[in-house]
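Trainee: I am attaching a structure below and will ask some questions about it afterwards.
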Amino acid sequence: MANKTTWIDPKTVERKWWVVDAEGQILGRLASEIARILMGKHKPQWQPNLDIGDFVIVVNAEKVRLTGKKLDQKFHYRHSGRPGNLKAYSYRWMLEHRPERVIELAVSKMLPKNRLRARMLKRLRVYRGPNHPHHAQKPQPLSLTPTRVPVPAE
């Protein structure tokens, strides 16, 4: 007897809300876990062609860590398409002025590069400080243990 493949309807998927505290977390490891939740890979019914992920709220985005010398050596580039309009922003500047964007960019680059990416990113909410306006959704805390990476003495 052949096995039957079960397909699920993405409209009937129950989506949970998770809240993640980014304080002391390493950016790349944090972003990969958030991307996993947004894709729905933590669910047993995950399928690569369906969008069944959950909502993720990230608080304390300004307290995320980058290892090594990435604060000064890593840049984010923007170009409007007009000649001579390439802008380069160091991650030190971005963490001071737009820390939410740092996490959004890291998570976005870890999601699949297809039509589902925009839908998944709509379920990501990032906030600079410890407060968020989503208490009515009753988000559950997502515990990510910070890894011990030696911090150089300044």
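Trainee: Please count how many residues of region 19-32 are buried (at least 17 other Cβ atoms within 10 Å of the Cβ) and under 14 Å from LEU121 (Cα atoms).
Mentor: Selection size over region 19-32: 1.
Trainee: Then there's this: Quick one: is LEU66 out of contact with any strand residue (DSSP E or B) (no Cβ under 7 Å at 6 or more places or on another chain) and within 25 Å of ARG15 (Cβ to Cβ)?
Mentor: no
Trainee: Please list, ordered by first then second residue, the pairs with beta carbon atoms under 6 Å, 6 or more apart or interchain, first in region 44-61 and surrounded by fewer than 20 Cβ atoms within 10 Å (Cβ to Cβ), second outside any loop (DSSP other than H, G, I, E, B) and among the aliphatic types (A, V, I, L, M).
Mentor: ASP51/LEU116
Trainee: Continuing with the same structure: Being among the aliphatic types (A, V, I, L, M), at pLDDT 95 or above, within 24 Å of PRO141 (Cβ to Cβ) and over 11 Å from the mean Cα position of the chain (by Cα) is the requirement here; does VAL13 meet it?
Mentor: Details: among the aliphatic types (A, V, I, L, M): yes; at pLDDT 95 or above: no; within 24 Å of PRO141 (Cβ to Cβ): yes; over 11 Å from the mean Cα position of the chain (by Cα): yes.
When the stated conditions are applied, VAL13 does not pass them.
Trainee: If the requirement is being hydrophobic (A, V, I, L, M, F, W, C), over 20 Å from ASN114 (Cα atoms) and either touching a helix residue (DSSP H, G or I) at 6+ places or on another chain (Cβ under 8 Å) or at pLDDT 90 or above (or both), which of these qualifies: LEU27, LEU50? Write out each step before concluding.
Mentor: Working: LEU50 fails: over 20 Å from ASN114 (Cα atoms).
None of the other options fit; the residue is LEU27.
Trainee: Go through region 62-95 and give me each residue that's of a type in the set (D, E, K, R) and without any contact (Cβ under 8 Å) to a residue 12 or more places away in the chain.
Mentor: LYS69, ARG78, ARG82, LYS87, listed by residue number.
The values are calculated or read from the model by the stated rules, or taken from the named source; none is laboratory data. Here the structure is a predicted model, which is why all the values come from computation and not from measurement. FYI the Cβ positions are ideal-geometry reconstructions off the backbone, even for glycines, and counts take in every protein chain you see.
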